[in-house]
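First the structure, in the form of structure tokens, and then the observations on it.
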Amino acid sequence: MQIGEMKILIGSANPALGQAICDFIGSTPGSVTMKRFPDQEVFVKIDENVRGKDLFIMQPSSPPANDNLMELLITIDAARRASAQRITAVLPFYGYARQDRKDQPRVPITAKLVANLLTTAGANRILTMDLHAPQIQGFFDIPVDHLYASSVFYDYLKTLKKEDLIVISPDVGGIKMASAYANMLGVDFGFVAKRRVDATRVEAMSIVGEVAGKSVLLVDDLTESAGTLKEAARIARENGALKVRAAVSHAVLNDTGYERMKEGFLDELITTNSTPIQSRGLSNITILSVAPLLGEAILRINNHQSVTSLFRIKGV
């Protein structure tokens, strides 16, 4: 099937990243009006002809998650009714991903619900990055291109001294990610066993891995209140770590998270602009751009090319 001309629409959740993607591609963003009625209902109007176009709608469902998700769904519906040939929802950050299973009685699987909503609205394809649970791809009956931020982190992390570095997962669930980063950097890895007290507090119980006299790199896909990172950094330092950094794909920091970052428990938080992260004057937050990664993926999808090579890391 011949794919139509590419057009990118940018939502209001992360316009800076959307513009950076367009700059990388050399494309002008599509004209779209997005506003709120007095009762906070979302209104979207695509201000140009998209009939027969290969449309990419860039909108992470980051906080406020409900508003941004509804805006994305309404934009997809508007594009479908405007006869776009193919609609790809570009979600650098997939909200509700932590609700991916029934871990207690009478709770929803909201990650699946969101997948259903996106498909019902009219999305033909999903482009996302570092899902909290990779198996969420299976919630969709449409193609999903799942990218990894590790290739973006690698160029920055490879400058660190490898001889005294160890990769640590701040919880047991992230062991696979920690192993991948350790293999990428050619260093050892370990993990922290923790107990969650409530939604914002955790307690680190023990650490597996030799951290004494080493620089610790904590790796995780998401941080919000920074509670897990703080506890992991504490126990690492108590066990003799010299420095503690963290590489986190999505830093959806709330006010509690920023307040904790001010305490300086991390020597550096390395993250991406998948969500509209701000440094707020903190010198220990480093933000890397995923615009080239997403832009290249968009170009390849439009040209019917494989995105597999984007998973490969140069120099490894």
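The values are calculated or read from the model by the stated rules, or taken from the named source; none is laboratory data. Remember, predicted model here, so these are calculated numbers, not experimental data. So basically every Cβ, Gly included, is an ideal-geometry build from the backbone, and we count neighbours across all protein chains shown.
For segment 52-105, residues that are under 16 Å from Ile298 (Cβ atoms) and touching a Leu at 6+ places or on another chain (Cβ under 6 Å) total 9. Among residues of segment 147-165 being surrounded by fewer than 21 Cβ atoms within 10 Å (Cβ to Cβ) and either in contact with an Asp or Glu (Cβ under 8 Å, 6 or more places away or on another chain) or β-branched (Val, Ile, Thr) (or both), the one that is farthest from Gly213 (Cα to Cα) is Tyr148. State yes or no: is Thr256 within 20 Å of Pro15 (Cα to Cα), β-branched (Val, Ile, Thr) and surrounded by fewer than 24 Cβ atoms within 10 Å (Cβ to Cβ)? Here the answer is no, as Thr256 does not meet what is asked. Would you say Ala246 is at pLDDT below 95, within 21 Å of Ser150 (Cα to Cα) and within 21 Å of the chain's Cα centre (by Cα)? Answer is no for this residue.
On inspection, Thr286 passes the criterion of being under 30 Å from Ile57 (Cβ atoms), assigned to a strand (DSSP E or B) and either in contact (Cβ under 8 Å) with a residue 60 or more places away in the chain or assigned by TED's automatic domain parsing to the domain that holds Ala16 (or both). Among the residues of segment 31-48, those that are over 13 Å from Glu71 (Cα atoms) and touching a residue at least 12 places away in the same chain (Cβ under 8 Å) comprise Ser31, Asp47, Glu48.
Once segment 262-288 is narrowed to residues that are within 16 Å of the chain's Cα centre (by Cα) and of a type outside the set (A, V, I, L, M), the residue that is surrounded by the most Cβ atoms within 10 Å (Cβ to Cβ) is Ser274.
Scan segment 296-303 and give yes if some residue there is at pLDDT 95 or above, under 22 Å from Ala180 (Cα atoms), more than 20 Å from the chain's Cα centre (by Cα) and among the hydrophobic types (A, V, I, L, M, F, W, C), otherwise no. Within segment 296-303, none of the residues are at pLDDT 95 or above, under 22 Å from Ala180 (Cα atoms), more than 20 Å from the chain's Cα centre (by Cα) and among the hydrophobic types (A, V, I, L, M, F, W, C).
Figure legend. Inter-residue proximity from segment 226-237: first residues under 12 Å from Met205 (Cα atoms), second residues buried (at least 24 other Cβ atoms within 10 Å of the Cβ) and of a type in the set (Ser, Thr, Tyr), beta-carbon distance below 9 Å, spacing 6+ or different chains. Indicated pairs: Ala232/Ser169.
Asn254 meets the stated requirement of being farther than 21 Å from Ala178 by Cβ, of a type outside the set (Lys, Arg) and not assigned by TED's automatic domain parsing to the domain that holds Ile25. Can you pull out the residues in segment 262-275 that are over 15 Å from Leu222 (Cβ atoms) and not in a strand (DSSP E or B)? Those that are over 15 Å from Leu222 (Cβ atoms) and not in a strand (DSSP E or B): Lys262, Glu263, Gly264, Phe265, Leu266, Asp267. The residues on offer are Ile126, Ile166, and the sole one that is touching a Lys or Arg at 6+ places or on another chain (Cβ under 6 Å), within 21 Å of Asp221 (Cβ to Cβ), of a type in the set (Val, Ile, Thr) and in contact (Cβ under 8 Å) with a residue 24 or more places away in the chain is Ile166. Taken over segment 37-74, residues that are within 19 Å of Ser274 (Cβ to Cβ) and either surrounded by 15 or more Cβ atoms within 10 Å (Cβ to Cβ) or among the acidic types (Asp, Glu) (or both) amount to 14. For Gly26, are the conditions met, namely being more than 20 Å from Pro143 (Cβ to Cβ) and buried (at least 23 other Cβ atoms within 10 Å of the Cβ)? Spelling it out, it is not the case that Gly26 is more than 20 Å from Pro143 (Cβ to Cβ) and buried (at least 23 other Cβ atoms within 10 Å of the Cβ).
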